[in-house]
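> Structure in structure tokens, see below.
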Amino acid sequence: MSLLIRNGRVVTATDDYRADLFVEDEKVSLIGAQLDLEADQVIDASGKLVIPGGVDPHTHMDMPFGGTTSADDFESGTHAAAFGGTTSIIDFAIQIKGRSTLEALETWHGKATGKASIDYGFHMIVTDMEDERLWEMRRLAEEGVTSYKMFMAYPGVLYVDDGTLFRAMRKAGEDGTLVCMHAENGIVIDEIVKLALKRGETSPKHHALTRPTRMEAEGVHRSIAIAEVAGVPVYIVHLSCSDALEQVTLARNRGALVFAETCPQYLFLDIGHYDQAGFEGAKYVMTPPLRERWNQDELWRGLRFGDLQSIATDHCPFCFKDQKALGIKDFSKIPNGAPGVENRMSLVYNGGVVAGRISVNRFVELTSTAAAKLFGLFPRKGTIAVGSDADIVIFDPNRKETISAANPCTHHMRVDYNAYEGMAVQGFSETVISRGKVIVKDNEWLGQPGAGNFIKRALFSGPD
Ligand code: URP
Ligand code: ZN
Ligand code: ZN
């Protein structure tokens with residue numbers, strides 16, 4: 001099966017030129033001006049950008065959390081991701097405390113196999129790491145799971161103490177892998193939450209008020225310091241605020257191997273969203289919480305000048321009606337997380353490129369290339385080059401849409417609200433190709449559950 005994409009403007013993290021692309025056997029095999037070739041399928045991309053498919057390194061499909069399970073499984077979540085121009089995700093397998101991480105990997109393979117319609121990888125969430133179990137980490141790396149996530153938040157659930165953190169970090173460093181950190185001082189935050197609840201402060205807004213930016217910054221500082229001593233590169237996930245970014249910048253300036261992502265919710269939504277009427281604010285209960293609006297300029301500064309490398313979604317949807325409602329009387333019982341995997345590319349293009357904050361190359365880098373490089377997928381994913389997987393998006397830079405749960409072009413996620421409801425965006429993923437197969441065209445689904453492959457990722461290969 002061959003595919004010829006004609007007349008597009010090919011944009012990667014570094015290039016921007018007009019060319020035709022020829023795809024054979026799932027890979028890009030030829031790039032050139034006006035290729036004189038025939039193909040089984042020809043797409044005219046005149047007036048469109050031809051970009052590498054999005055790589056979202058932070059999703060939670062079918063994740064047990066907060067007494068329930070995230071509303072998208074690997075079938076519905078990857079389907080929605082594809083509609084939004086994302087062709088690879090890295091999701092999180094979770095070790096059950098006291099049990100094997102290899103068993104957790106099996107469980108997550110079971111959740112994704114036969115369901116995912118785009119390629120995927122796994123990070124491993126480590127919830128404990130006794131000496132006797134350290135050997136498993138090398139095995140995970142051999143299985144293509146070359147990054148971990150550890151939590152300084154959620155005591156009693158996913159939280160690990162600093163000793164565990166150090167032990168796992170040392171081994172991860174020895175093995176050449178990368179550690180992702182949920183950096184918030186969960187122990188102090190839990191105390192603040194208890195005080196708030198005692199005062200009768202139970203509404204969703206108190207989720208944000210009980211998680212000060214200082215406690216995120218402290219977690220970032222501490223996790224970086226421990227990682228430096230342990231000798232492992234560290235990637236701060238879902239960085240939400242200026243306070244925390246300052247710690248990343250300081251560390252990078254002294255040469256520490258520190259990387260960080262932010263997410264669309266921290267770039268486009270703010271603490272004011274918790275003031276919506278009734279219980280509506282629960283839609284935005286995520287961790288870290290939405291921050292004061294001025295932080296957004298600082299995050300954009302970080303994205304422009306390189307202290308932040310990537311924009312992931314932390315897609316973790318819970319339905320408003322029957323899942324968020326678990327915390328109607330107590331904000332601390334609202335399942336933490338929000339949907340977003342489908343809207344990332346349009347949001348970042350609109351808020352970044354159209355708004356004049358970043359170049360179109362940087363847009364590709366932030367939504368695809370950087371994550372592919374950091375997480376061992378590059379150059380198979382994250383770029384358009386001869387030999388790369390033909391994960392390609394034909395992106396209309398002029399098409400306008402209003403994001404809404406009611407708009408069939410912007411919402412395929414299995415959740416009853418959209419966090420960006422009513423937001424007008426310019427820039428839309430029109431045709432989406434996964435390993436050479438067109439899976440979305442003109443809002444029509446042509447993909448297949450199970451067509452997505454598990455991708456064994458390479459070891460961490462150093463900063464760019
Ligand atoms: O609120 C969030 N972020 N939910 C997902 C779990 C996590 O901490 O990433
Ligand atoms: Zn987290
Ligand atoms: Zn997350």
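> So which of Ala251, Ala277, Ala230 is hydrophobic (A, V, I, L, M, F, W, C), over 23 Å from Val193 (Cβ atoms) and surrounded by fewer than 19 Cβ atoms within 10 Å (Cβ to Cβ)?
Ala277
> For the range 44-57, give me each residue that is touching a Lys or Arg at 6+ places or on another chain (Cβ under 9 Å) and within 16 Å of ligand 2 (Cβ to nearest atom).
If the condition is that a residue be touching a Lys or Arg at 6+ places or on another chain (Cβ under 9 Å) and within 16 Å of ligand 2 (Cβ to nearest atom), then Asp56 is the only one that fits.
> Take Gly144 and tell me if it is in contact with a Pro (Cβ under 9 Å, 6 or more places away or on another chain), modelled with pLDDT of 95 or more and part of a loop (DSSP other than H, G, I, E, B).
When the stated conditions are applied, Gly144 does not pass them.
> Suppose we filter Thr12, Thr59, Thr86 for residues that are of a type outside the set (Gly, Ala, Ser), in the same structural domain as Arg435 (by TED's automatic domain parsing), within 22 Å of the chain's Cα centre (by Cα) and surrounded by 14 or more Cβ atoms within 10 Å (Cβ to Cβ); which single one remains?
So the residue among Thr12, Thr59, Thr86 that is of a type outside the set (Gly, Ala, Ser), in the same structural domain as Arg435 (by TED's automatic domain parsing), within 22 Å of the chain's Cα centre (by Cα) and surrounded by 14 or more Cβ atoms within 10 Å (Cβ to Cβ) is Thr12.
> Would you mind stating whether Ala282 is open to solvent by less than 10 Å² (accessible area, probe 1.4 Å) and closer than 26 Å to Val415 by Cβ?
In short, yes.
> Can you name every residue in the range 281-336 that is among the hydroxyl-bearing types (Ser, Thr, Tyr), outside any loop (DSSP other than H, G, I, E, B) and within 21 Å of Val234 (Cβ to Cβ)?
Of everything in the range 281-336, just one residue is among the hydroxyl-bearing types (Ser, Thr, Tyr), outside any loop (DSSP other than H, G, I, E, B) and within 21 Å of Val234 (Cβ to Cβ), namely Ser310.
> Can I ask one more? Residues in the range 432-452: is at least one surrounded by fewer than 18 Cβ atoms within 10 Å (Cβ to Cβ), in contact with a His (Cβ under 8 Å, 6 or more places away or on another chain) and closer than 19 Å to Gly54 by Cβ?
Yes: one or more hits.
> Are any residues in the range 315-339 over 20 Å from Glu201 (Cα atoms) and within 16 Å of ligand 2 (Cβ to nearest atom), and if so, which ones?
Listed by number, the residues that qualify are His315, Cys316, Pro317, Phe318, Gly337, Ala338, Pro339.
> Over 22 Å from Pro335 (Cα atoms) and either open to solvent by 10 Å² or more (accessible area, probe 1.4 Å) or not small (Gly, Ala, Ser) (or both): does that describe His79?
Answer is yes for this residue.
> Quick one: which of Ile455, Ile433 is in the same structural domain as Thr14 (by TED's automatic domain parsing) and of a type in the set (Val, Ile, Thr)?
Ile433
> OK, next. In the range 286-300, is there at least one residue being within 17 Å of the chain's Cα centre (by Cα), open to solvent by less than 10 Å² (accessible area, probe 1.4 Å), more than 15 Å from ligand 2 (Cβ to nearest atom) and within 25 Å of Ala71 (Cα to Cα)?
No, the range 286-300 contains no residue that is within 17 Å of the chain's Cα centre (by Cα), open to solvent by less than 10 Å² (accessible area, probe 1.4 Å), more than 15 Å from ligand 2 (Cβ to nearest atom) and within 25 Å of Ala71 (Cα to Cα).
> List the residue pairs whose Cβ atoms are under 6 Å apart, where the first residue sits in the range 138-161 and is buried (at least 22 other Cβ atoms within 10 Å of the Cβ), the second is basic (Lys, Arg), and the two are 6 or more positions apart or on different chains.
Thr146/Arg457
> Moving on to the next point. Looking at this structure, is Val353 in a helix (DSSP H, G or I) and either at pLDDT below 95 or open to solvent by 10 Å² or more (accessible area, probe 1.4 Å) (or both)?
yes
The values are calculated or read from the model by the stated rules, or taken from the named source; none is laboratory data. From a predicted model like this one, the values you see are computed outputs, not experimental measurements. Glycine also receives a Cβ, built like all others from the backbone with ideal geometry; neighbour counts cover every protein chain displayed. For accessibility, only protein heavy atoms count, side chains too; no ligands or nucleic acids. Shrake-Rupley method; radii C 1.70, N 1.55, O 1.52, S 1.80 Å.
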